[in-house]
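Contents: one structure, followed by commentary.
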Amino acid sequence: MASFILRGLAPDTFAPLFLLPDVVLSARQMQRLTVPDTATTGFPCRISLVDAQPGEQVLLLPYQHQPAESPYRASGPIFVRRGARSAVLGTDEVPATMLRRLLSVRAYDHAHRIIAAEVCEGTAVAAWLQARFDDPAVDYVHVHHARYGCYSCRADRA
């Protein structure tokens, strides 16, 4: 089976946003939040691919996760943690934050068209990705949190 690597978003894209005043963030449809003390999940960072902890500052913002010139162009809300560092995952590694969630996986071809999709438990996503990357027509995969529909990360053939 083909191997994969999951990639979070680049922190440099988001770090300057934390310096903006709330009124400017609001004008850009963004919100600064502090993760409540009662939270155990629900604030998954798209940079580090871990859940933000109670007391941490996050931004909730719109993100164009599928910028390709295609009918599948799409955007949606994401969370990013203040000071987050890029996820460093090994080949075929799925982070714990994803293992405990229901995920939607969408395989795209070189023309950015969806050619395979599934909803599966996070514990099954590695096998699904390996099987999809066995197909040479699959160029990359987007992983989403199925319940809320939010983009999680990108998977590429390792």
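The numbers here are math on the coordinates, done by the rules we state, and not lab data. All values reported here derive from a predicted model rather than from experimental measurement. Neighbour counts run over all protein chains shown; Cβ positions are idealised from the backbone, glycine included.
Within the shell of other residues whose beta carbon sits under 14 angstrom from the beta carbon of residue 89, the net charge comes to +1, with Lys and Arg scored +1 and Asp and Glu -1. For residue 121, the residues whose amide H sits under 5 Å from its own are 103, ignoring neighbours fewer than 5 places away on the same chain, with H placed 1.01 Å from N. Against the empirical 2.2 N^0.38 Å (N residues), the range 76-158 has a Cα radius of gyration ratio of 1.07. For the charge dipole of the chain, defined by +1 on Lys and Arg C-beta atoms and -1 on Asp and Glu C-beta atoms about the Cα centroid, which residue among 124, 35, 8 has the Cα displaced farthest towards the positive pole? The one lying farthest along the dipole's positive direction is 35. In a fully extended conformation the segment linking residue 93 and residue 130 would gain 12.2 nm over its present Cα-Cα distance, using 0.36 nm per residue.
Distances between placed amide hydrogens fall under 5 Å for residue 52 paired with 43, 45, all partners being 5 or more residues away or on another chain. Within the range 122-144, what residues put their amide N at less than 19 Å from the label point 7 Å along the Cα-to-Cβ vector of residue 112? Under 19 Å, as judged by backbone N against the label point of residue 112, lie 137-144 of the range 122-144. Placing pseudo-labels 7 Å out from each Cα toward the beta carbon at residue 147 and residue 121 gives an inter-label distance of 1.5 nm. Counting Lys +1, Arg +1, Asp -1, Glu -1, what net charge surrounds residue 6 among other residues with beta carbon under 10 Å of its beta carbon? Net charge around residue 6: -1. Residues considered: 115, 78, 47. Largest GNM mean-square fluctuation over the chain, using C-alpha springs under 10 Å, is found at 115. With N the number of residues in the range 16-158, Rg(Cα) / (2.2 N^0.38 Å) evaluates to 1.09.
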